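The values are calculated or read from the model by the stated rules, or taken from the named source; none is laboratory data. Given the structure is predicted, the values throughout are model-derived calculations rather than measurements. Here the Cβ positions follow ideal geometry from the backbone for every residue, glycine too, while neighbour counts run over all protein chains shown.
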Amino acid sequence: MNYIDLFSGAGGFSKGFDLEGFKNVFSIDSDSQSCETYRYNFPKHQLIEESIENILANKIKLLIKNKKIDVIIGGPPCQGFSMAGVIGRKFVNDPRNKLFKEFARIVSIVRPKFFVMENVQRLFTHNKGETRNEILEHFKKLNYFVECKVLNSADYSIPQVRRRVVFIGSLKKCNILFPEPTVKRYVSIKEAINNLPKLSSGQTSKIANHEAMNHTDQMLKKMNFISDGGNRNKIPEIFRPKSGDARKYVKYDSEKPSICITGDMRKVFHYSQNRALTVRELARIQTFPDNFIFKGSKISQQQQVGNAVPVLLARVVAKCIKKMIKNVSK
């Protein structure tokens, strides 16, 4: 079984499919620091560091070398939510969503047996479901049978509540499978990261990517007022930030899964240590193994982790694709 990874980033999707026995044909990403991480962790993969719109059909055919492709995976960035639905505007036609159309273009050229497209939950309900229907119709015009479902990563032993819409398409008509929840009790953030060395602000450790951010005295003072699972309301009014994202200036609840990891978690604090989480702690929440090393600047590393598909979520999706490949081959 083989796969192509579009918008591969640091490689969460690739790692999950590798663990399930799939072989990489090639991956594409345009961010240089993400590509540095990907190359380090997947030295045998063929990574194309290029904007996807520059990869034309003849180049793709050369990369494939007449192989039949089992699955294309990827999570194209989609930004054009605000205008879709306004005065009849279509999500698919919004130029800001050209990367979604690029994903579909590669699918139309390669004609894999299956594709998996992951994206933000908002796609599912946006514009009263019209955006979702537009995407389904777009793939149906390419003669794929497509279904989509919102999956919560916490249902699959991932210590994080992260809801994402997953589209699965099949070239042949078949029973499209989505992973069933595997846990009855959610894994807490404490279970995931508590055995890592304790760190103070600015402190480093011998574990790769486990380095604490250097916080200002003012920030340390604010977070000191917040207890495990608490929010900015614990900060005395004189010091409390008056505006900004309500999801910031909080401490993780040690007994629950993490909130959704994004590209910037600098103002969400460790449940018992006065600091933001390290890249290694964030990576554990995204179920990357400790031997997966993130390269580039510290900000880029956080973004790479936050943008990734959790490895274990990718793996349970890969299991479903594996079953479907066997079903259509009978």
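Could you tell me whether region 159-167 includes any residue that is under 25 Å from GLY16 (Cα atoms), among the β-branched types (Val, Ile, Thr) and exposed (fewer than 14 other Cβ atoms within 10 Å of the Cβ)? No, that holds for no residue.
Residue by residue, here is whether (1) within 27 Å of TYR3 (Cα to Cα); (2) without any contact (Cβ under 8 Å) to a residue 60 or more places away in the chain; (3) exposed (fewer than 14 other Cβ atoms within 10 Å of the Cβ); (4) touching a strand residue (DSSP E or B) at 6+ places or on another chain (Cβ under 7 Å) holds:
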| residue | (1), (2), (3), (4) |
| --- | --- |
| LEU136 | yes, yes, no, yes |
| ASP155 | yes, yes, no, no |
| LYS206 | no, yes, yes, no |
| HIS210 | no, no, no, no |
| HIS215 | no, no, no, no |
| LYS234 | no, yes, no, no |
| SER243 | no, yes, yes, no |
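For region 308-330, taking the residues that are in a helix (DSSP H, G or I) and at pLDDT below 95, the one that is surrounded by the most Cβ atoms within 10 Å (Cβ to Cβ) is identified as VAL328. Within region 133-157, being over 17 Å from the mean Cα position of the chain (by Cα) and under 16 Å from GLU118 (Cα atoms) holds for ASN133, GLU134, ILE135, LEU136, HIS138, PHE139, VAL146, GLU147. Can you report the number of residues in region 140-175 which are in a loop (DSSP other than H, G, I, E, B) and over 23 Å from ALA192 (Cβ atoms)? Residues flagged as in a loop (DSSP other than H, G, I, E, B) and over 23 Å from ALA192 (Cβ atoms) within region 140-175 amount to 9. Exactly one residue among SER201, SER243, SER227 is among the hydroxyl-bearing types (Ser, Thr, Tyr) and in contact with a Leu (Cβ under 7 Å, 6 or more places away or on another chain), and that residue is SER201. Do you know which of the residues in region 245-296 that are closer than 20 Å to GLY12 by Cβ and among the basic types (Lys, Arg) is surrounded by the fewest Cβ atoms within 10 Å (Cβ to Cβ)? That would be LYS295.
Of the residues GLU255, GLU281, the single one that is among the charged types (D, E, K, R) and closer than 20 Å to SER201 by Cβ is GLU281. Going through (1) surrounded by fewer than 19 Cβ atoms within 10 Å (Cβ to Cβ); (2) at pLDDT below 95 one by one, MET223 falls short only on (1). Considering region 281-305, and only residues there that are under 20 Å from ASP228 (Cα atoms) and of a type in the set (D, E, K, R), the residue that is farthest from the chain's Cα centre (by Cα) turns out to be GLU281. Among the residues of region 278-294, none qualifies, meaning not one is out of contact with any Ser or Thr (no Cβ under 9 Å at 6 or more places or on another chain) and more than 26 Å from VAL183 (Cβ to Cβ).
Test ARG105 against the stated conditions and say whether it is surrounded by 18 or more Cβ atoms within 10 Å (Cβ to Cβ), of a type outside the set (S, T, N, Q), closer than 27 Å to GLU50 by Cα and out of contact with any helix residue (DSSP H, G or I) (no Cβ under 7 Å at 6 or more places or on another chain). Against the criterion (surrounded by 18 or more Cβ atoms within 10 Å (Cβ to Cβ), of a type outside the set (S, T, N, Q), closer than 27 Å to GLU50 by Cα and out of contact with any helix residue (DSSP H, G or I) (no Cβ under 7 Å at 6 or more places or on another chain)), ARG105 qualifies. I'd like the residue in region 89-100 that is crowded, with 18+ Cβ neighbours inside 10 Å and either free of Cβ contacts under 8 Å to residues at least 24 places away in the same chain or in contact with a strand residue (DSSP E or B) (Cβ under 6 Å, 6 or more places away or on another chain) (or both) and, out of all such residues, is farthest from VAL71 (Cα to Cα). Among them, the one singled out is ASP94.
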